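First the structure, in the form of structure tokens, and then the observations on it.
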Amino acid sequence: MTKRDLAEKLSERCKQLHLKDAELVVNAIFDSMTEALSKGERIEIRGFGSFQVKQRNSREGRNPRSGKKVTVEAKKVPFFKVGKELKKRIDK
């Protein structure tokens, strides 16, 4: 599913909301989520899951083509943890 698909679903459910307006809503939500994660904040959507930023330490890796050792720098990565309710719904 894409952002466009989400906007279309939103527009279908809320008849008074035109597709362009639904796209603005979806973009605003994702922009807010991105901004919160970039500040290091945690996002929790009950029944769905939570997003947070995790710190990965630097480590030694290998170039898959040459097999040479390379240093992988420390970095922050987004992490999603699935909620219990979503797990149950998918498992059915």
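Bear in mind these aren't lab numbers, they're just calculated from the coordinates by the rules spelled out. Source: prediction; values computed, not measured. Methodologically, a virtual Cβ is constructed for each residue, glycine included, from the backbone with ideal geometry; neighbour enumeration extends over all protein chains shown.
The rows are residues; the columns are (1) polar (S, T, N, Q); (2) at positive phi; (3) in contact (Cβ under 8 Å) with a residue 24 or more places away in the chain.
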{"site": "LYS20", "(1), (2), (3)": "no, no, no"}
{"site": "LEU24", "(1), (2), (3)": "no, no, no"}
{"site": "ASN27", "(1), (2), (3)": "yes, no, yes"}
{"site": "MET33", "(1), (2), (3)": "no, no, no"}
{"site": "SER38", "(1), (2), (3)": "yes, no, no"}
{"site": "GLU44", "(1), (2), (3)": "no, no, no"}
{"site": "PHE48", "(1), (2), (3)": "no, no, yes"}
{"site": "ARG62", "(1), (2), (3)": "no, no, no"}
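Among the residues of the range 35-62, those that are surrounded by 13 or more Cβ atoms within 10 Å (Cβ to Cβ), hydrophobic (A, V, I, L, M, F, W, C) and not in a loop (DSSP other than H, G, I, E, B) comprise ALA36, LEU37, ILE43, PHE51, VAL53.
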